[in-house]
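Peer 1: Let me give you the structure first, and then I'll get to my questions.
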Amino acid sequence: RERKETENFEKLSSDASSLGYKIIAVSAYRDYDYQNELFNYYTKEKGLEYALNCSAKPGFSEHQTGLAIDVEGRNNDYDNFEDTADFKWMRENAHKYGFILRYPKNKENITGFKYEPWHYRYVGVEVATYIYENNITFEEYKKK
């Protein structure tokens, strides 16, 4: 049986496609070894401070839970996903499928990570809708 987050993402992607948008997964579940390689790569290339701001340490990544997903749109470039109509649709509709924009703009001091318009987390429709409607982060929701 598929997990709820997988079913909901597939429906989100399909619904977006039927409306002329493209939302595809480019990174979902990551095992410890892959996350370790990724974190070490960022550390080696750009330094520890950069790595800590943009990549979770192995053992602490939401991708390791299977609840996080990185997406891209028709431009096939998640770094520039924010510049697409696909992103606008995703930002306005992801909560209806149980997903939140995990690391929003200007919330770095709360989330501890840089703005990532491509990174979404499954939290369920009820929680995602509350977070969306109140324009808060997952951290702020957990404190309420």
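The values are calculated or read from the model by the stated rules, or taken from the named source; none is laboratory data. Here the structure is a predicted model, which is why all the values come from computation and not from measurement. So basically every Cβ, Gly included, is an ideal-geometry build from the backbone, and we count neighbours across all protein chains shown. Ligands, DNA and RNA are excluded from the accessible area calculation, which covers all protein heavy atoms including side chains. Shrake-Rupley method; radii C 1.70, N 1.55, O 1.52, S 1.80 Å.
Peer 1: Which members of region 1-18 meet the condition of being out of contact with any helix residue (DSSP H, G or I) (no Cβ under 7 Å at 6 or more places or on another chain), open to solvent by 70 Å² or more (accessible area, probe 1.4 Å) and not hydroxyl-bearing (Ser, Thr, Tyr)?
Peer 2: Passing the criteria: Arg1, Glu2, Arg3, Lys4, Glu10.
Peer 1: For region 89-132, which residues satisfy the criterion of being more than 25 Å from Leu52 (Cβ to Cβ) and either among the basic types (Lys, Arg) or open to solvent by 40 Å² or more (accessible area, probe 1.4 Å) (or both)?
Peer 2: Passing the criteria: Arg91, Glu92, Lys96, Val125, Glu126, Tyr130, Tyr132.
Peer 1: For residues that are closer than 23 Å to Phe9 by Cα and out of contact with any Lys or Arg (no Cβ under 9 Å at 6 or more places or on another chain), tally how many sit in region 40-74.
Peer 2: Within region 40-74, residues that are closer than 23 Å to Phe9 by Cα and out of contact with any Lys or Arg (no Cβ under 9 Å at 6 or more places or on another chain) number 5.
Peer 1: State whether one or more residues within region 112-127 are touching a residue at least 12 places away in the same chain (Cβ under 8 Å), over 16 Å from Val71 (Cβ atoms) and among the aromatic types (Phe, Trp, Tyr).
Peer 2: yes
Peer 1: Moving on to the next point. Is it the case that some residue within region 70-79 is surrounded by 14 or more Cβ atoms within 10 Å (Cβ to Cβ), assigned to a helix (DSSP H, G or I) and charged (D, E, K, R)?
Peer 2: no
Peer 1: Condition first: part of a loop (DSSP other than H, G, I, E, B) and open to solvent by less than 50 Å² (accessible area, probe 1.4 Å). Now tell me which residues in region 23-58 satisfy that.
Peer 2: Listed by number, the residues that qualify are Ile23, Ala28, Arg30, Gly47, Ser55, Ala56, Pro58.
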